[in-house]
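The values are calculated or read from the model by the stated rules, or taken from the named source; none is laboratory data. Model, not experiment: these values are computed from the prediction. Glycine also receives a Cβ, built like all others from the backbone with ideal geometry; neighbour counts cover every protein chain displayed. Accessible surface areas use protein heavy atoms only, side chains included; no ligands, DNA or RNA. Shrake-Rupley method; radii C 1.70, N 1.55, O 1.52, S 1.80 Å.
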Amino acid sequence: MPEHNPPNSRTAAIAKIRTAMIEQKMTQAELADNACCHEKTVQNLIAGRPVRDQTLFDVCSVLGLEFETIRTAWSGASVSGPMELKGEGGLAAPVYMGAYTKAAVDHYIGTYLTIRPSFAKPDVYVAFRTDIIWDPDWPSLLFEESDRPDVAYQHRGRIYVPASSMFLHLVSLTKGAMRMVMVSQLDQTGHMRGIITTLNKQGAMLIPVASPIVYALTDSVTKDDVGEIGPGHQAHEKYAKLIRETADDAYAKLISPAP
């Protein structure tokens, strides 16, 4: 079998990954375990063989690397030049995603402070950063989470925009596991509100959970804005108010069984 020689840009990305592993004293087996992939997949990545974007994203999340930088180097794409030359111009998302154009949804592009209740701790809120960008290679809105307290569970996925609905769908799909967030369109106050459905680990089991969630468009997200926000934190009441309003204003409704 001929020896695989990755391009120079990919070699640079591999070097950054190796350096991060050394700095964190992390073996390939440990990286695979934390990134929820097979050790052979990590070996292929270190060798410069093709891997999925989701694998790169998971590895970057674990190692604290900037995904877009690593992805660009990995693919050998240039980060310079006008975006029109990269094919994003007037192209539309696939029909099954809503057939929307970039021009119709560019107001969603930006950084969001994301807030939801903790699934395990009463009166605690989990806050993290979500970035929404336009992906010219697969024309559609792409969301990426970061700065979560549970780094291993950061999600990355596509946004579906039904033409006849007031709600958007943020969907991530990894190894058959799907998580969906359904939120209202961005309003004049810069908020999207709705509900998240996912799995949560309780003891040795993963169980389905659902809760209100809010995305607040912002210029920046600081380290004081994110994490597990409990009583006594300066942002606790603000986050609690946003979550209460999401339910009170009927952006999300949780149905309890009859007594």
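Computed quantities for the displayed model
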| read-out | value |
| --- | --- |
| Under 27 Å from the Cα of LYS40 - lysines, other chains or at least 8 residues apart | LYS16, LYS25, LYS175, LYS201 |
| Gap separating the Cα centres of the range 150-207 and the range 122-146, nearest whole Å | 9 Å |
| Accessible carbon and sulfur surface of the range 170-210 relative to its total accessible area, %, 1.4 Å | 62 percent |
| The range 92-184 - Debye-derived log10 I(q)/I(0), Cα point model, q = 0.11, 0.15, 0.20, 0.24 Å⁻¹ | -0.34, -0.62, -1.03, -1.36 |
| Heavy-atom surface of the chain, accessible at 1.4 Å and reported per residue (Å²) | 55 Å² |
| Inter-label distance for SER164 and GLN234, nm, one decimal - labels placed 7 Å from Cα along Cα-to-Cβ | 4.9 nm |
| Sparsely packed GluC sites (Glu not before Pro) within the range 160-259, loop by DSSP, other Cβ within 10 Å at most 14 | none |
| For VAL126, distant residues with modelled amide H under 5 Å away | ARG116, SER118, ILE229 |
| Over the chain, relative contact order from alpha-carbon pairs under 8 Å, at least 6 apart, % | 15 percent |
| Relative contact order for the range 170-259, counting Cα pairs under 8 Å that sit 6 or more residues apart, in percent | 23 percent |
| With eigenvalues of the C-alpha gyration tensor scaled by 5 and rooted, the chain, Å | 32, 24, 17 |
